[in-house]
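K.L.:
Can you read through this structure? Questions will come right after.
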Amino acid sequence: MRECHREIARWMEPLGAHVRVDAAGNFRGVYPAASQNAPRLLIGSHLDTVPNAGAYDGILGVVLAVALLEELQGRKLPFGIEVVGFSEEEGVRFGAPFIGSRALVGRLDEELLEVQDAQGVSVRKVIEKFGLNPAEIPQAEAENDTLGYLEFHIEQGPVLEKLNQPLAAVEAIAGQSRIEFTFLGRANHAGTTPMHLRCDTIAGAAEWIGNVERTAQGVPGLVATVGKIEAKPGAANVIAAEARLTLDVRHGSDDIRTRAVGDLIRQAQEIAARRGLSVRESTLLSQRAVAMDPFLTAQIEQAIIKTGCKPHRMVSGAGHDAMILAEKVPAAMIFLRTPGGTSHDPAESVAVEDVEKAIECGLHLLDQLASSPEFQKRINRA
Ligand SMILES: [Zn+2]
């Protein structure tokens with residue numbers, strides 16, 4: 001990460017940017033505005049990644065931000081641009097995602113600093129070992145003059161490829177429910193127990209899983225996944241007494257998501273009752289959907305049109321730093337088509353032409369904002 005910071009600094013300093021690494025380990029590089037004391041627009045993404053990762057998730061958004069500054073060729077705008085390369089977005093080491101971006105909204109708190117990795121080393125210790133001072137984390141918060149946050153990111157899914165479009169404007173980041181279901185029945189001999197006298201939890205769970213898939217297929221934009229199933233006692237010749245499953249449900253609308261979750265819980269109870277089983281559920285995660293800033297999103301659509309592409313709007317099924325930044329500043333995202341929809345894998349890729357379109361779109365966007373009366377109002381307020 002240190003080498004990564006050094007490399008980006010080496011790109012940005014010749015452009016006249018002032019660079020630093022904040023106390024949460026985020027890279028920050030400020031490209032000045034045309035006039036002193038003008039407010040700033042943040043553009044960035046994350047620099048960390050997952051094990052056995054691809055080369056584009058996160059880092060592409062930071063490289064694109066630097067590319068936009070290069071393309072300005074020294075031209076100054078009515079607002080400064082701060083390039084941010086976030087640390088620890090994925091949550092690989094500490095199991096807690098968005099550590100870097102949480103510092104910008106003032107939520108890298110004591111509790112998070114005490115979270116430990118598998119070796120028992122805390123976030124606080126790691127920050128100190130990197131040569132940073134956890135006491136300075138409050139200074140990592142986004143300045144009060146921040147106009148907004150813009151993030152380019154690969155889609156990490158197949159939608160844009162299917163539509164044959166290089167870019168999309170993200171209108172919201174989906175809310176998410178994660179629930180564990182446990183079906184309880186009776187273990188018995190697989191050879192001697194007639195079919196009508198069984199309390200088979202795997203058969204009950206399987207019937208319910210089919211319902212989960214059908215329910216999601218029937219609601220536009222809804223995704224529902226049973227990603228894990230565990231049965232006890234777990235032997236070929238024993239009817240399973242217990243089946244434990246996880247359910248992950250996501251949608252851009254919290255109403256639609258919570259209604260779907262309610263329906264699926266009811267269906268599990270009906271199936272269990274009919275089969276002489278019981279079922280209990282416990283909620284592991286319930287996260288609201290986060291809307292992107294409507295003004296910035298509309299501006300992104302216009303900028304996409306100017307590149308000669310169709311302005312597709314979509315909901316992001318995955319969480320991103322933009323979701324955290326949206327707590328404090330207007331946030332917006334642009335997705336780039338992901339070949340094969342493949343991500344978090346060495347085969348992850350992006351087309352050079354699509355990156356070109358993204359840079360073109362970004363430049364149109366900066367020019368639009370520089371001449372927009374609405375954005376001028378925001379600049380005056382900030
Ligand atoms: Zn990412």
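The values are calculated or read from the model by the stated rules, or taken from the named source; none is laboratory data. In this text, all values refer to a predicted model and were calculated from it rather than measured experimentally. Every residue, glycine among them, receives a Cβ derived from its backbone with ideal geometry; neighbour counts consider all protein chains shown. SASA here: full protein model, heavy atoms, side chains in, ligands and nucleic acids out. Shrake-Rupley method; radii C 1.70, N 1.55, O 1.52, S 1.80 Å.
K.L.:
Just order 262-271, 372-381 by mean Cβ neighbour count inside 10 Å, highest at the front, would you? Numbers along the way, then the final one.
P.N.:
Working: 262-271: 16.5, 372-381: 13.3.
By packing density, highest mean first, the sequence is 262-271, 372-381.
K.L.:
Follow-up. Roughly to the nearest percent, how much of the accessible area of the chain is carbon and sulfur, given a 1.4 Å probe?
P.N.:
Details: 8900 of 17500 Å².
The computed percentage sits at 51.
K.L.:
Could you check the spin-label model distance between Arg313 and Gln119? Points 7 Å from the Cα along Cα→Cβ, value in nm.
P.N.:
Rounded to a tenth, the inter-label distance reads 4.8 nm.
K.L.:
Quick one: which residues, 5+ away or cross-chain, put their amide H under 5 Å from the amide H of Ile154? H built at 1.01 Å from N.
P.N.:
Correct list: Gly58, Leu336.
K.L.:
Another question about this same structure. Determine the dipole magnitude for the range 188-284: charges of +1 sit on the beta-carbon of Lys and Arg, -1 on that of Asp and Glu, nothing else is charged, the reference point is the Cα centre, and the result goes in debye to the nearest 20. Don't skip to the answer; put the middle values down first.
P.N.:
Details: 12 positive and 11 negative charges, 27 e Å.
Dipole size: approximately 120 debye.
K.L.:
Please work out the average accessible area per residue across the range 136-185, using the 1.4 Å probe convention, and give it in Å².
P.N.:
Working: 1730 Å² over 50 residues.
Accessible surface, normalised per residue, equals 35 Å².
K.L.:
Shifting gears a bit: Could you give the angle, 0 to 90 degrees to the nearest 10, between helix 201-217's Cα long axis and the longest principal axis of the Cα atoms of the chain?
P.N.:
The two axes meet at around 40 degrees.
K.L.:
Also: Given H placed on each backbone N at 1.01 Å, which residues far from Leu277 in sequence or on other chains put an amide H within less than 5 Å of it?
P.N.:
Long-range HN contacts for Leu277: none found.
K.L.:
Quote the charge dipole size of the range 1-154 about the Cα centre in Debye, to the nearest 20; the model charges only the Cβ of Lys and Arg (+1) and of Asp and Glu (-1). Could the numbers behind the result be given before it?
P.N.:
Details: 14 positive and 23 negative charges, 81 e Å.
That gives the range 1-154 a dipole magnitude of about 380 debye.
K.L.:
Add +1 for every Lys or Arg and -1 for every Asp or Glu among the other residues with Cβ under 12 Å from the Cβ of Val279, and state the total. Could you put the intermediate results ahead of the total?
P.N.:
On the way: positive: Arg244, Arg266, Arg274, Arg275, Arg280; negative: Glu180, Glu207, Glu242, Glu270, Glu281.
Residues close to Val279 contribute a combined charge of 0.
K.L.:
I'd like to know which of Ile305, Gly341, Ala331 lies farthest towards the positive end of the charge dipole of the range 303-360, counting +1 on Cβ of Lys and Arg and -1 on Cβ of Asp and Glu.
P.N.:
Going by the charge dipole, the pick is Ile305.
K.L.:
In whole Hz, what ³J(HN,Hα) sequence does the range 303-318 give by Karplus (6.51, -1.76, 1.60; θ = phi - 60°), x for Gly and Pro?
P.N.:
5, 5, 4, 5, 7, x, 10, 7, x, 6, 10, 8, 9, 7, x, 9
K.L.:
Still on this structure, I have one more. If packing is taken as the average number of other Cβ atoms within 10 Å across a peptide's residues, how do 316-326, 338-348, 199-209, 89-99 rank, most packed first? Numbers along the way, then the final one.
P.N.:
Numbers: 316-326: 23.3, 338-348: 15.8, 199-209: 21.2, 89-99: 18.2.
Going by the mean number of other Cβ atoms within 10 Å, highest first, we get 316-326, 199-209, 89-99, 338-348.
K.L.:
Another one. What list of ³J(HN,Hα) couplings, whole Hz, do you get for the range 243-249 from phi and the Karplus terms 6.51, -1.76, 1.60, once you set θ to phi - 60° and write x for glycine and proline?
P.N.:
Karplus values, whole Hz, x for Gly and Pro: 10, 10, 9, 10, 10, 10, 10.
K.L.:
Okay, next question. Report, to the nearest 10°, how far helix 59-72 tilts away from the longest principal axis of the Cα atoms in the chain, using its own Cα long axis and a range of 0 to 90°.
P.N.:
Approximately 20 degrees, to the nearest ten.
K.L.:
Kindly express, to the nearest 10 degrees and within the range 0 to 90, the angle between helix 254-274's C-alpha long axis and the longest C-alpha principal axis of the chain.
P.N.:
10 degrees
K.L.:
Taking amide H atoms as placed 1.01 Å from N in the peptide plane, list the residues 5 or more away in sequence, or in a different chain, whose amide H sits under 5 Å from that of Ser45.
P.N.:
Val62, Val84, Phe86
K.L.:
Please name which of Pro220, Gly106, Leu163 has its Cα lying farthest along the dipole of the chain towards the positive end, using unit charges on Cβ (Lys, Arg +1; Asp, Glu -1) and the Cα centre as origin.
P.N.:
Pro220
K.L.:
Between Met195 and Lys162, what length comes free when the chain is fully extended (0.36 nm per residue of separation minus the Cα-Cα distance, one decimal in nm)?
P.N.:
On the way: separation 33, 0.36 × 33 = 11.88 nm, distance 4.50 nm.
Length gained, Met195 through Lys162: 7.4 nm.
K.L.:
Only loop residues by DSSP count here, and only those with at most 11 other Cβ atoms within 10 Å; note down the GluC sites (Glu not before Pro) in the range 106-200 that meet that. Write down the numbers at each step before the final one.
P.N.:
Numbers: sites: Glu110, Glu111, Glu114, Glu128, Glu136, Glu141, Glu143, Glu151, Glu155, Glu161, Glu171, Glu180; in loops: Glu114, Glu141, Glu143, Glu155.
Taking the range 106-200 and a limit of 11 other Cβ atoms within 10 Å, the loop GluC sites (Glu not before Pro) found are Glu114.
K.L.:
Please turn the phi angles of the range 221-229 into ³J(HN,Hα) values with the Karplus equation 6.51 cos²θ - 1.76 cosθ + 1.60 (θ = phi - 60°), one per residue in order, whole Hz, x for glycine and proline.
P.N.:
Calculated HN-Hα couplings, in order: x, 7, 10, 9, 9, 9, x, 8, 9 Hz.
K.L.:
Also, I was wondering about something else. If packing is taken as the mean number of other Cβ atoms within 10 Å per residue, what is the order of 163-169, 115-121, 44-50, 277-283, highest first? Walk me through the numbers before you get to the answer.
P.N.:
Details: 163-169: 19.9, 115-121: 11.1, 44-50: 23.4, 277-283: 15.7.
Highest mean packing first, the order is 44-50, 163-169, 277-283, 115-121.
K.L.:
Using only helices, what value at 222 nm comes out for the chain when you add -39,500 (n - 2.57) per DSSP H run of length 4 or more and divide by the total residues, to the nearest 500 deg cm²/dmol? Write out the running numbers ahead of the final one.
P.N.:
Values: 12 runs with 132 residues, N = 382.
So the helix-based figure for the chain works out to -10500 deg cm²/dmol.
K.L.:
Then there's this: Note down the magnitude of the dipole of the chain about its Cα centre, charges +1 on Lys and Arg C-beta and -1 on Asp and Glu C-beta and zero elsewhere, to the nearest 20 debye. Display every interim value, and only then the final one.
P.N.:
Details: 39 positive and 50 negative charges, 175 e Å.
Computed charge dipole of the chain: roughly 840 debye.
K.L.:
Less than 11 Å Cβ to Cβ from Pro339, Lys/Arg counted +1 and Asp/Glu -1: what total charge do the surrounding residues give?
P.N.:
Details: positive: Arg337; negative: Glu155, Glu161, Glu348, Asp354.
Result for the local shell: -3.
K.L.:
Report the FRET efficiency, 1/(1 + (r/R0)^6), for Val238 and Glu3, where r is their Cβ-Cβ distance and R0 is 41 Å, rounded to 0.05. Provide the component values of the computation, followed by the final result.
P.N.:
Values: r = 54 Å, r/R0 = 1.32.
The calculated FRET efficiency here is 0.15.
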